[in-house]
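Student: Dropping the structure in here first, questions after.
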Amino acid sequence: MFAKLKDTFLALQKRLPRVGLGIVFVALFASQAGGWIPLPFMERLDGILYDVRLRLTAPGGVDPRVVIVDIDEQSLREREAGGEGRWPWPRDRLALLVNRLNDDYNVSLTGFDVIFSERDESSGIRTIDQLANTQLKNDAGFQSQYARIKPLLDLDSQFANSFKDRLVILGYSFLNSGDQQKKGTLPPEVFTTAQIPLSIADPMKRQGFTGNLAQLQNSATDGGHINPIVDHDGILRRIPMLVEYQGKYYESLGLASARALLGSLPLKALDADGQEMNSSAHYFGAVEALDVGGALLPVDSQLASYIPYRGPYKSFEYISASDVLNKSIAKEKLEGKIVLIGTTAPGLLDLRATPVGNAYPGVEIHANMITGILDGTIKQAPLWASAANLVLIVVLGLLLALVLPYFSPLIGTVVSVIAFALVLGLNLFSYQQGVVLPLASLLATLLSVYLFNIAYGYFVESRSKRLITGLFGQYVPPELVDEMAQNPANFSMEGESRELTILFSDVRGFTTISESLDAKTLSEFINAFLTPFTKVIYDHRGTIDKYMGDCIMAFWGAPIKDENHARHGVQSAFEMLKAMEVLNSEFIKKGWPPIKVGIGLNSGRVSVGNMGSEIRLAYTVMGDAVNLASRLEGITKEYGAAIIIGHETRLQLPDVIAREVDKVRVKGKDIPVQIYEPLGFEGTVSEEHLAALALFENALNAYRTQAWDSAQTQFEHLLTHYPDTGEVLYPLYLERIAHLRDNPPGAQWDGSFTFTKK
């Protein structure tokens, strides 16, 4: 008996560290769930899990009740092209838009996701007023005529008059702490802090606002703020239904619109018991819901509601504002509809990152809110949700922490999978019933306890491999990570000096290309060429330093030493050009513009390692060789070359056929450097290019010795007989020769050219 007790005690003692550490995990995540220990990554994970649930359960399709009249790129075209010109438009055109919607299309409500905080003086009314009150004050004829035409010049009045006897809701914005600017006016509040105590409501402090002109706001049916709540990961999941400002509460655009549609009934704030809050009661919890004409609108502790996204961008019909103004759409498309006026034009900056899209128009967010309020489909995060989450973490977490150490890996896995399935099933069921329960901390607890027990006694080698993957996985291809993991002690992110080859590539004319594509297409377009270019670099053992819009910066020779870093860099450049040709054929089929890239490479000793600040570090390279590589990329277009390499890179590649295109002083450098255009490796360059190369070398030598006549003759010969080998380069030198004839450089000239721009 004593022997059995002893064995049991020893077994318990052996498993005690595992049980104890499992309980530590439970305590950690319970503290996070209870709000005692902040774990920002858990908030981000909760957001991601919420997004997954939303996308899985979103109804999809197009809601026919709301139509978005879009100030899009078509609307911003010049009048001759069927648009209205650049924003902002004169208010008489906006008045016409409102009149068209109501008189010609008979819409039920018009909401503006646009703020009109300043007077429209485009008609010149201010100048004429000054004249009427000064030089022409006593001119009776002028005063009479001006009195007659002044209403035609007061565009704000015309806009305000278009609101009369119509349901029109204007949007406005509150400013966060620190910005005390007050422009325009606010609509009437819906509550005061006497009705909803400030201590239990909106925790954010607003010190200013950008509202609409009083003339416009007073003529409108109501107004609603357009302030979102952006979570820590930059995603917009909620909108505050009420915002507190100077002791008063103001409703959102979606709520104001829904209330107007329901007859502008008084708004009621309800507590957790469903009772209306009033100034005589004492509350220990937050507002649980708002009563909107009998429809309950759940709110959380920040008086915010989850946005009931129907689906991705264009879950509502979009109609160009210019089409409405031109009456070029059928009446049934708008008749009786709720209309929101907003913008998707990229230049007007109303695109948001949401669970259903990274460039989602803000106006469509308000459309989702309106239909969600009308349908009663907005999810709630009740006060008891956090407490229920904490109880589940403690109960299920402790259960696993206590029993898993005694199970085999197989049984432990089965038990854990059952626990995961129960938790996920319960959470998804509650979500379907309209209740959002936290999930990340509970899943993290169960997963942490399980993984800790399964992984107890990890081998040092596998731990080292994970360390290397974490450090370098985002920079180098997986096969190099595996290679590094064989000797992890040889690699670190500490700064060191090494000889590397650095590459910069950039799409030429990208600004013009980007202006021709909408935000979503532009994102797809960039990904379409960055992905194959990155794969080429990875295939040649390169390290991606960073992406800068359409530009790629990469290098060879670190973190793994590479004796052939120059060769791998140039091979990558050639392969990128081949990939570009394939891409362009695909782009043309899609109706996208083809691209041209300029690539600059240079080799030299640089500093490589983790660099940055205490807040953010990045594994990168710095030094003169890096700067020169960047400059070489920038000047490729000057010579009509797709690739230009520096002298140090050229020296390391004796089997590369390269044309020395110039000797230059780049911006920021006093010493000239020779630069080359690589044409290909030996055996891959055509006879035409080889013949032209020999002639070009002779012409370049004549140019540098100031034999202008001979140089001109040879360059003209090249341009006539080998135009395809230098259609930009040969005319460039002919132009220089003409200039230098008239402005001799002197006997000390070293044949170099100085660039004054990057």
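The values are calculated or read from the model by the stated rules, or taken from the named source; none is laboratory data. Remember, predicted model here, so these are calculated numbers, not experimental data. Cβ: placed from backbone, ideal geometry, glycine included. Neighbour counts: every protein chain shown. Just the protein is used for accessible areas: all its heavy atoms, side chains included, with ligands, DNA and RNA removed. Shrake-Rupley method; radii C 1.70, N 1.55, O 1.52, S 1.80 Å.
Student: I'm checking my understanding of the structure. Among residues of region 348-377 that are open to solvent by 10 Å² or more (accessible area, probe 1.4 Å) and out of contact with any Leu (no Cβ under 8 Å at 6 or more places or on another chain), which one is farthest from residue 304 (Cα to Cα)?
Tutor: Here the answer is 348.
Student: Pick from region 542-580 the residues that are aromatic (Phe, Trp, Tyr) and under 23 Å from residue 497 (Cβ atoms): which of them is farthest from the chain's Cα centre (by Cα)?
Tutor: 556
Student: Could you tell me which numbered condition residue 627 fails, if it satisfies all but one of (1) out of contact with any Leu (no Cβ under 9 Å at 6 or more places or on another chain); (2) in contact (Cβ under 8 Å) with a residue 24 or more places away in the chain; (3) open to solvent by less than 30 Å² (accessible area, probe 1.4 Å)?
Tutor: Every listed condition holds for residue 627 apart from (3).
Student: Could you list, in sequence order, all residues of region 708-733 that are part of a loop (DSSP other than H, G, I, E, B) and open to solvent by 40 Å² or more (accessible area, probe 1.4 Å)?
Tutor: Result: 722, 727, 728.
Student: Moving on to the next point. Say whether the condition of being open to solvent by less than 60 Å² (accessible area, probe 1.4 Å), at pLDDT 90 or above and over 33 Å from the mean Cα position of the chain (by Cα) is met by at least one residue in region 83-95.
Tutor: yes
Student: Right, another one. Looking only at region 705-730, count every residue that is under 50 Å from the mean Cα position of the chain (by Cα) and touching a residue at least 40 places away in the same chain (Cβ under 8 Å) and tell me the total.
Tutor: 4
Student: Out of all the residues in region 743-753, which are open to solvent by 70 Å² or more (accessible area, probe 1.4 Å) and either over 21 Å from residue 707 (Cβ atoms) or at pLDDT 85 or above (or both)?
Tutor: Within region 743-753, 743, 744, 748, 753 qualify.
Student: Can you list the helices (runs of 4 or more DSSP H) found entirely within region 489-608 that contain at least 3 residues being farther than 30 Å from residue 72 by Cβ?
Tutor: 519-539, 565-590
Student: Does residue 61 count as modelled with pLDDT of 90 or more and part of a loop (DSSP other than H, G, I, E, B)? Break it down stepwise before answering.
Tutor: Details: modelled with pLDDT of 90 or more: yes; part of a loop (DSSP other than H, G, I, E, B): yes.
Here the answer is yes, as residue 61 does meet what is asked.
Student: What are the residue pairs meeting all of these: first residue in region 43-71, first residue small (Gly, Ala, Ser), second residue part of a strand (DSSP E or B) and surrounded by 14 or more Cβ atoms within 10 Å (Cβ to Cβ), Cβ atoms under 9 Å, and 6 or more apart or on different chains?
Tutor: Close Cβ pairs (under 9 Å, with a partner that is part of a strand (DSSP E or B) and surrounded by 14 or more Cβ atoms within 10 Å (Cβ to Cβ)) amount to 47/237.
Student: Still on this structure, I have one more. For residue 128, which of the numbered conditions (1) at pLDDT below 90; (2) part of a loop (DSSP other than H, G, I, E, B) fails to hold?
Tutor: (2)
Student: Next up: How many of the residues in region 497-541 are open to solvent by 70 Å² or more (accessible area, probe 1.4 Å) and more than 30 Å from residue 71 (Cα to Cα)?
Tutor: To start, the set of residues in region 497-541 that are open to solvent by 70 Å² or more (accessible area, probe 1.4 Å) comprises 499, 508, 511-512, 515-516, 518, 520, 524, 527, 531, 535, 539, 541.
Remaining after also requiring more than 30 Å from residue 71 (Cα to Cα): 499, 531, 535, 539, 541.
Matching residues across region 497-541 total 5.
Student: If I ask for residues that are open to solvent by 50 Å² or more (accessible area, probe 1.4 Å), within 21 Å of the chain's Cα centre (by Cα) and either polar (S, T, N, Q) or within 21 Å of residue 373 (Cα to Cα) (or both), which ones from region 39-71 would you list?
Tutor: Selection gives 55 alone.
Student: Right, here's the next one. On the basis of being under 25 Å from the mean Cα position of the chain (by Cα) and open to solvent by less than 30 Å² (accessible area, probe 1.4 Å), does residue 597 make the cut? Let's see the steps before the verdict.
Tutor: Working: under 25 Å from the mean Cα position of the chain (by Cα): yes; open to solvent by less than 30 Å² (accessible area, probe 1.4 Å): yes.
In short, yes.
Student: Would you confirm whether or not region 244-257 contains a residue that is open to solvent by 30 Å² or more (accessible area, probe 1.4 Å) and at pLDDT 85 or above?
Tutor: yes
Student: Next question, about the same structure. For region 631-674, which positions are open to solvent by less than 40 Å² (accessible area, probe 1.4 Å) and part of a helix (DSSP H, G or I)?
Tutor: 632, 633, 634, 636, 639, 649 - these are the residues of region 631-674 that are open to solvent by less than 40 Å² (accessible area, probe 1.4 Å) and part of a helix (DSSP H, G or I).
Student: Name every residue in region 15-38 that is without any contact (Cβ under 8 Å) to a residue 24 or more places away in the chain and within 30 Å of the chain's Cα centre (by Cα), in order of residue number.
Tutor: 37, 38
Student: A further question follows. Among all residue pairs at least 6 apart or on different chains, which show Cβ distances below 6 Å where the first residue, located in region 550-578, is among the acidic types (Asp, Glu) and the second is outside any helix (DSSP H, G or I) and crowded, with 24+ Cβ neighbours inside 10 Å?
Tutor: 562/556
Student: Right, here's the next one. Could you tell me how many of the residues in region 277-302 are at pLDDT below 80 and in contact with a strand residue (DSSP E or B) (Cβ under 6 Å, 6 or more places away or on another chain)?
Tutor: 1
Student: Right, here's the next one. Kindly indicate the residue of region 382-437 that is over 34 Å from the mean Cα position of the chain (by Cα) and among the aromatic types (Phe, Trp, Tyr) and also most open to solvent (accessible area, probe 1.4 Å) among those meeting that condition.
Tutor: 384
Student: Any residue in region 526-548 that is more than 15 Å from residue 573 (Cβ to Cβ) sitting within a Cβ distance under 7 Å of a residue that is part of a helix (DSSP H, G or I)? List the pairs, counting only those 6 or more apart or interchain.
Tutor: 528/583; 547/530
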